[in-house]
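Structure first, then comments.
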Amino acid sequence: MGTKGFVLYLLTGFSAAILSLLFINNTTMDHNSTLFNTPHLTTVEVWPELEFNWRLVLATVIGFVGSACGTVGGVGGGGIFVPMLTLIVGFDTKSAAAISKCMIMGASAASVWYNVRVQHPTKEVPIIDYELALLFQPMLMLGITVGVSLSVVFPYWLITVLIIILFIGTSSRSFYKGIEMWKEETILKKELTRQQGTVNSRGELLIDAEYEPLVPREEKSTLEILCLNLRWKRLLVLTTVWFLFTLIQVIKNDLVPCTTLYWVLFCLQFPIAVLVFGYEAMKLWRENRKRMMTGNTESICEASIQWSTLNITFCALCGILGGTVGGLLGSGGGFILGPLLLEIGVIPQVASATATFVMMFSSSLSVVEFYLLKRFPIPYALYLMGVSILAGFWGQYLVRKIILILRRASIIVFILSGVIFASALTMGVIGIETTIGMINNHEFMGFLDFCSSQ
């Protein structure tokens, strides 16, 4: 599945789902003139006690494996955590989504701490691409706030259908990308046995040079690598954006929904995101134009695409889409960002490190909000977050060892594809089961009113 085919698949699937909802709305209107005042069931809060039993053991194992694979792939793992917390542990859906954010935040933070002490595979630059982080983080966080709002309005069955369509598409595309990289690595390995210094079509070696450097590099201490990977000015900008979004959410949660001040604060998030994104986008566009005029073919950042207006707009839409899915699902948005970074030419190690870095900000925003709303029990959240922290660190360590043995960085891409596909299966099964129950109970299946559903 090529890029154009993938986009066409998403547009067709999403359009069919929306048209189905419009048909259901019209059918409902024929039988009920008060569509948006139709009663609907509220979620009952269910918080099991933290005690040692088979459910806790199984949740620990699944949480550890899901966090390890999710952070390595750069997707978080929310699509696995939410079903695990509801089906196995017994939490209600809203509480499960909140705890899922805690787990993603813990795993992402541990993964980031591991990555900042690791050298870039092929260059003397940070393994986290801060340019791409600044480009995607504001739009991702904006998308999360939009997704949380849509989760109140959209019917459960529509969210399930959209997630299945999206996850199957992204997992298939990532798997196809992994196969391409596997074949390319196979060719490289054969050529390397005959000639040193062979690189791929982008001038990069996908096998981690940290393990088998083609050109001898000066050994650096952990402190030197740490200083190289940290860019304090960019970190300050990212932290400022995170703080502003968090502050808006904290203030907004204490207001009555749909009041004037509520909507003013909600709309205030848009200029913040657009300003930061616009500044970084213009920077990339101008640098790309300058290099094209001088005949310099070197990439501005880790992405190998040309930073044209069309490509920048595409990245903005994908960032918002990733955040929206994160808000709907209770994940960090990595299900879009991880595959997108690979699609625009970022090598797996950097794509994983950058996506996890951005998810740390987006997931922590939700954790602060959920904490203030008292959406999750502190003991359970701390325990599972501790499990995720260990998994995030050891997941990165073990996968790098596997890459060392097999000499294939495409393993990261296959892990990413597998986590997304597993999330599609688990979320799909639960969603379909819940939707069938709603149909049997003759529950309302159309749009809900935003103001009365808060």
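Couplings for region 97-103, taken from phi via the Karplus curve 6.51 cos²θ - 1.76 cosθ + 1.60 with θ = phi - 60°, read 5, 5, 5, 4, 5, 4, 5 Hz in order; Gly and Pro are left as x. Computed over protein heavy atoms with a 1.4 angstrom probe, the accessible surface ordering of ILE344, ILE436, ILE405, ILE430, largest first, is ILE405, ILE436, ILE430, ILE344.
Rounded to whole Å, give me the distance from the Cα center of region 255-294 to that of region 342-378. First find each Cα centre; the distance between them is then 19 Å. Shown is the FRET efficiency for TRP394 and THR309, computed with R0 = 35 Å from the Cβ-Cβ distance and rounded to the nearest 0.05: 0.25.
Direction-averaged projected area, Cα convex hull, region 54-168: 8.8 nm², rounded to one decimal. The figure for MET105 is an accessible area of roughly 40 square angstrom, using a 1.4 Å probe on the protein chains alone. Rolling a 1.4 Å probe over the protein heavy atoms leaves ASP254 with an accessible area of roughly 130 Å². Size check on region 332-375: the Cα extents along the three principal axes, sorted descending, read 40, 14, 9 Å. For q = 0.14, 0.20 Å⁻¹, what log10 I(q)/I(0) does region 331-420 give under the Debye formula with an equal point scatterer on each alpha carbon and no solvent? Log-scaled intensity ratios, in q order: -0.60, -1.04. Taking all protein chains as shown and a probe of 1.4 angstrom, HIS120 keeps an accessible surface of around 0 Å². For TRP54 and TRP232, the FRET efficiency from 1/(1 + (r/R0)^6), where r spans their Cβ atoms and R0 equals 41 Å, is about 0.30.
The values are calculated or read from the model by the stated rules, or taken from the named source; none is laboratory data. Everything quoted here is computed from the prediction, not taken from an experiment. Cβ coordinates were reconstructed from backbone atoms using ideal geometry, including for glycine residues, and neighbour counts include every protein chain displayed. Side chains are part of the model used for accessible areas, which takes the heavy atoms of the whole protein and leaves out ligands, DNA and RNA. Shrake-Rupley method; radii C 1.70, N 1.55, O 1.52, S 1.80 Å.
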